Amino acid sequence: MVIDALGAGDQARTYRSLAALMNVAEDPNEPATRAYINDHTLIRRIENFDSQAVPVQAKATLSPGSEAPMEFVIAKRQLPQAIPPGWDVTAIDNKNVRVRVAGNLDVLLPDVRKSRVTSAGQLPTGFDPGAVYPSRNHPRGLQLAVIGASDALRSTGIDLEVLKAKVAPDQFAVYSGSAMGQLDNEGYGGMMQNPLVGKRPTSKNAALGLSEMPGDFVNAYVLGSVGDTAGIIGACATFLYNIKRAADEIRSGSKRLVVAGNSEAPIVAEVIEAYRVMGALAEDEALMALDTPPGGVAPSQPDNRRACRPFSSNCGFTVAEAGIFAVLMDDELALELGAQTLTSVGGVFVNADGYKKSIPGPGIGNYITVAKAMSVTRAILGEDALRTRTHMLAHGTGTPQNRVTESAILNEMAKRYGIRSWPVTAIKAYVGHTMAPAGGDQLAAALGAWEHGWLPGINTIDHIADDVHQSHLQFPIAHLEMGAENIDAALVNSKGFGGNNATGVF
């Protein structure tokens, strides 16, 4: 996200890592290779399916011509089990029959349509998570769970057997899930659609589609854990829900080590179409309208790279996929193992919205979670640190409603707590909206700010919208150099569909 602000050494390391991940054979130090990597990561034109030819079934009615009845030949094994009324079936031979139909015949004709949404936040081109372990036709979201949890565990530098020797099974837990379940053909998609397109559901479709499966896969394929397990689901706030459960259990003393996180793979044509008809997504036509100058000519193609435009003139969010996991330990265990501590959980707060006329509409809950998070930050670090040495990673979806409602909450809270110009960024501008793991995207950006000192600017926008509340907020468009030594706490805000509000302090 901030690679253009980093030094040459950090840039080179990042490009080398991405080149290996993407199976790019060319020299990652070459400008052309770096340009390819830049163009094939983060939000871009959809690659996971052909957005110009999405398979559909077109309903049609066939009528007999001048000669009635209508007649056709079909293989005997393809006849429906229940012969429709008006069909007269005559055997031709052992394999084929002739069907005469009195009247009209309703049929479904294979067709394709162009998706009106062609932008998504996707895994780097060339990286196939199912190819790096025996995935056995696992749904993509579960592949991301295995990869994400494995990577988090290996990144600790501490061998799994060492952890198991130090931590009793009942003090070990995995909290993970997906907000939507696995909706591709290997999961619920196959279960629901296969019978309608002449295929059979598999024995895996129903079981692997369950929302808690990411945690089950981490237990079974990565950790071999017999400890506590749960999948706490809170729509787009799911990551923080699981971090809260982990932190609460560790504080209570019942757990010493928790792997918490989520995976989601919603870049499926039907999912995108469902959100589009809700009016929630950035459609190509609307993006091109945003980029049309007054009295000017509209561009011929949408700017897929800039599909998500938080807190600016915008038209909807951008679906994305991710697997994000964190390893949490109690203080004593971290010190004993010599673990590199990236951050500590000051608190995660969850509140619902109360009575609502519209389930997706905003409510009061997020005011409460942000206020609690700011209060605990002040209690731990002091008044001056809260006011001058914190920043907010906003939910920042890129929808017209979010830019107004979330900015109103953050601006009012900043005013109440005496903050003059609170830095607020929205990294969905880069990675899109990953649903359940979205809070993990934001936490990763906070860790990056501590590592390198830079807060990612909202670089897909060129102005802040007029209806955004910002008297006490600072929305950096360019990357903001904060300096790691000047950051005492990062706040992460998540607003979930239905009133699932969570705010975390790290």
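Of the set (1) modelled with pLDDT under 95; (2) under 30 Å from Val162 (Cα atoms), all apply to Gly354 but (2). Of the listed requirements (1) more than 21 Å from Ala429 (Cα to Cα); (2) in contact (Cβ under 8 Å) with a residue 24 or more places away in the chain; (3) open to solvent by 40 Å² or more (accessible area, probe 1.4 Å), Ile364 misses just one: (2). Condition test on Ala438, is it open to solvent by less than 50 Å² (accessible area, probe 1.4 Å), closer than 25 Å to Ala260 by Cα, modelled with pLDDT of 95 or more and among the aliphatic types (A, V, I, L, M)? Yes: the conditions hold for Ala438.
Among the residues making up region 216-237, a single one is of a type in the set (S, T, N, Q) and either part of a loop (DSSP other than H, G, I, E, B) or touching a Leu at 6+ places or on another chain (Cβ under 9 Å) (or both): Ser225. In the set (1) open to solvent by less than 10 Å² (accessible area, probe 1.4 Å); (2) within 22 Å of Met213 (Cβ to Cβ); (3) among the β-branched types (Val, Ile, Thr), the condition left unmet by Val327 is number (1). There is no residue in region 403-423 that is without any contact (Cβ under 8 Å) to a residue 60 or more places away in the chain, out of contact with any strand residue (DSSP E or B) (no Cβ under 9 Å at 6 or more places or on another chain) and under 20 Å from Pro360 (Cα atoms).
For region 373-397, filtered to residues that are in a helix (DSSP H, G or I) and either of a type in the set (S, T, N, Q) or touching a Ser or Thr at 6+ places or on another chain (Cβ under 7 Å) (or both), the residue that is most open to solvent (accessible area, probe 1.4 Å) is Thr388.
Let's see how each residue does on (1) under 18 Å from the mean Cα position of the chain (by Cα); (2) over 30 Å from Arg306 (Cβ atoms); (3) of a type in the set (D, E, K, R):
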residue: Gly187; (1), (2), (3): yes, yes, no
residue: Asn205; (1), (2), (3): no, yes, no
residue: Leu210; (1), (2), (3): yes, yes, no
residue: Ala220; (1), (2), (3): no, yes, no
residue: Gly227; (1), (2), (3): no, yes, no
residue: Gly231; (1), (2), (3): yes, yes, no
residue: Gly261; (1), (2), (3): yes, no, no
residue: Val277; (1), (2), (3): no, no, no
residue: Leu287; (1), (2), (3): no, no, no
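Looking only at residues that are open to solvent by less than 40 Å² (accessible area, probe 1.4 Å) and either in contact (Cβ under 8 Å) with a residue 40 or more places away in the chain or not in a loop (DSSP other than H, G, I, E, B) (or both) in region 25-48, which one is nearest to Thr14 (Cα to Cα)? Here the answer is Ile37. Each residue in region 305-322 was checked for being of a type in the set (S, T, N, Q), in contact with a strand residue (DSSP E or B) (Cβ under 9 Å, 6 or more places away or on another chain) and surrounded by fewer than 20 Cβ atoms within 10 Å (Cβ to Cβ), and 0 of them qualify.
Within 18 Å of the chain's Cα centre (by Cα) and either within 22 Å of Ala237 (Cα to Cα) or aliphatic (A, V, I, L, M) (or both): is that true of Ala168 in this structure? So Ala168 does not fit the description; no. Within region 402-447, being part of a helix (DSSP H, G or I) and farther than 26 Å from Asn304 by Cα holds for Ala408, Ile409, Leu410, Asn411, Glu412, Met413, Ala414, Lys415, Arg416, Leu447. Of all the listed residues (Pro69, Pro85), the sole one being open to solvent by 80 Å² or more (accessible area, probe 1.4 Å) and modelled with pLDDT under 95 is Pro85. Contact annotation: residue pairs with Cβ atoms under 6 Å, 6 or more positions apart or on different chains, pairing a residue in region 195-215 that is under 30 Å from Gln78 (Cα atoms) with a partner that is open to solvent by 50 Å² or more (accessible area, probe 1.4 Å) and assigned to a helix (DSSP H, G or I), are Pro201/Met191; Asn205/Met191; Ala206/Met191; Gly209/Tyr188. Would you confirm whether any residue within region 403-422 is among the charged types (D, E, K, R), open to solvent by less than 10 Å² (accessible area, probe 1.4 Å) and within 24 Å of Gly346 (Cα to Cα)? For region 403-422, residues among the charged types (D, E, K, R), open to solvent by less than 10 Å² (accessible area, probe 1.4 Å) and within 24 Å of Gly346 (Cα to Cα): present. Among residues of region 441-467 being in contact with a helix residue (DSSP H, G or I) (Cβ under 6 Å, 6 or more places away or on another chain) and open to solvent by 10 Å² or more (accessible area, probe 1.4 Å), the one that is nearest to Ile43 (Cα to Cα) is Asp441. Going by the conditions given, is Ala145 surrounded by 22 or more Cβ atoms within 10 Å (Cβ to Cβ), in a helix (DSSP H, G or I) and touching a residue at least 12 places away in the same chain (Cβ under 8 Å)? Judged against the criteria, Ala145 is a match. Residue-level check: of (1) outside any loop (DSSP other than H, G, I, E, B); (2) modelled with pLDDT of 95 or more; (3) surrounded by 13 or more Cβ atoms within 10 Å (Cβ to Cβ), Lys164 misses just (2).
The values are calculated or read from the model by the stated rules, or taken from the named source; none is laboratory data. Everything quoted here is computed from the prediction, not taken from an experiment. We place every Cβ from the backbone using ideal geometry, glycine too, and count neighbours over all the protein chains shown. Accessible surface is based on the protein model in full, side chains and every heavy atom, while ligands, DNA and RNA are left aside. Shrake-Rupley method; radii C 1.70, N 1.55, O 1.52, S 1.80 Å.
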